[in-house]
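The values are calculated or read from the model by the stated rules, or taken from the named source; none is laboratory data. In this text the structure is predicted, and so the values were computed from the model without any measurement. For neighbour counting, all protein chains shown are included, and Cβ atoms are generated from backbone atoms with ideal geometry for every residue, glycine included.
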Amino acid sequence: MSSNNNTSNTLAILQIQSAFRYSSLILGFILLIGGVLGNILNIIVFIKVGNYKNNACSLYMFLRTFFDLYVLLVGLTTRILSAGFQVDFTLMNRIWCKIRLGFIDINGITTYTLICLQAIDAFMCSSPSVLVRQKSNIRIARYLVIGTLCFCFIHEIPYFIFQDLVIVGGAPMCITTNAIFAQYRSYFVALCINTTIPIIVISIFGFLTVRHMKTIAVTRTLSSLTRQTISMALFQIVAVLVFNGPYTAWLIYSVATTNAVKDSYRRTVEQLIASFAATYSYGPYASSFYCYCLSKRFRNQLMVSVKELVGSIRTNQVYPNTQRSGTRT
């Protein structure tokens, strides 16, 4: 009787593994292809329009595009290879093991910081107070971006030191060799910096911005650029909540059940859910373009920018000089 139960559990585990594997692969490829294409189009639009040079919120959005693109190309690509095809370069190369997640974290933390700065800037731009609106300027935004980058690089220095490729039980593993730093990353970086804190910040300032926008017709008239950046920032906030909300809930569950006694079936299911949730958490890096496209003005700017780019490529093409010979009468 017990052998029949073990056989049924094994078959159930194999079926669940197959289902989660294919769903993670499909989701990963959708996010990768759609995200890379969208971020490239974002770069084209922002460079052609040039609003990021004078508008703080546009600067945050423009710089975020490069960080999102790096996370997708380096982080999500290697995750697809590891989870879907069992090709893990961190187990093959010590240098890659030490630097991969560190640089991904630098770009990821920077991205979420810029999302929070977008939400705060949208709140200030929509404020009825002139003094608050004056706090939103490009000079302060540049200082905040530089400060964010410096903090992220300094914050990740211990990771480059403690992360290493070691042999555990005869098998190579890329792990954090310092127990205290490993707990810090699990409980504070993953659960707070990358998930809970951004969700709280953007939720608060997004709510306040919506309140301002409801009374904005009475208090003052916003410029078209300000309305555009505020709407784009609000759409991005919704995307972060959609993708990060379930992942945050899963992290909280994992931390709460760390010391619980679990059988092999439950551990397997939780590992598969964790793998799928990790792939799902790449959504904010791939969704910015599609959130921005909800703005009619951004769609118009996209069409104009693409037409200009295609026209300039055709103009710069070199055609052979053909001479026609004819008869004169």
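Of the helices (runs of 4 or more DSSP H) contained entirely in the stretch 231-295, those carrying at least 3 residues that are among the hydroxyl-bearing types (Ser, Thr, Tyr) fall at 264-280, 288-292. Has the stretch 118-128 got at least one residue that is of a type outside the set (Gly, Ala, Ser), surrounded by 20 or more Cβ atoms within 10 Å (Cβ to Cβ) and at pLDDT below 90? Yes, because at least one residue in the stretch 118-128 is of a type outside the set (Gly, Ala, Ser), surrounded by 20 or more Cβ atoms within 10 Å (Cβ to Cβ) and at pLDDT below 90.
Looking only at the stretch 129-162, count how many residues are loosely packed, with under 14 Cβ neighbours inside 10 Å, of a type in the set (Ser, Thr, Tyr) and closer than 22 Å to residue 66 by Cα. Number of matching residues: 1.
Within the stretch 219-233, identify whether any single residue is modelled with pLDDT under 85 and closer than 28 Å to residue 12 by Cα, and answer yes or no. The answer is no, given that none of the residues of the stretch 219-233 is modelled with pLDDT under 85 and closer than 28 Å to residue 12 by Cα. Using beta carbons and a limit of 6 Å, which pairs, at least six apart or on different chains, have the first residue in the stretch 268-284 and under 18 Å from residue 108 (Cβ atoms) and the second one modelled with pLDDT under 85 and hydrophobic (A, V, I, L, M, F, W, C)? Close Cβ pairs (under 6 Å, with a partner that is modelled with pLDDT under 85 and hydrophobic (A, V, I, L, M, F, W, C)) amount to 275/83. Looking at 60, 112, 70, 22 in this structure, which one is in contact with a Pro (Cβ under 6 Å, 6 or more places away or on another chain) and either part of a helix (DSSP H, G or I) or within 30 Å of residue 298 (Cα to Cα) (or both)? When all the criteria are applied, what remains is 112. Of the residues making up the stretch 129-173, those that are at pLDDT 85 or above and of a type in the set (Val, Ile, Thr) are 132, 138, 140, 145, 146, 148, 154, 157, 161, 166, 167. Restricted to the stretch 49-108, and to residues that are surrounded by fewer than 18 Cβ atoms within 10 Å (Cβ to Cβ) and basic (Lys, Arg), which residue is nearest to residue 22 (Cα to Cα)? Top of the filtered list is 94.
Within the stretch 171-191, being closer than 20 Å to residue 91 by Cα, outside any strand (DSSP E or B) and touching a helix residue (DSSP H, G or I) at 6+ places or on another chain (Cβ under 7 Å) holds for 177, 178.
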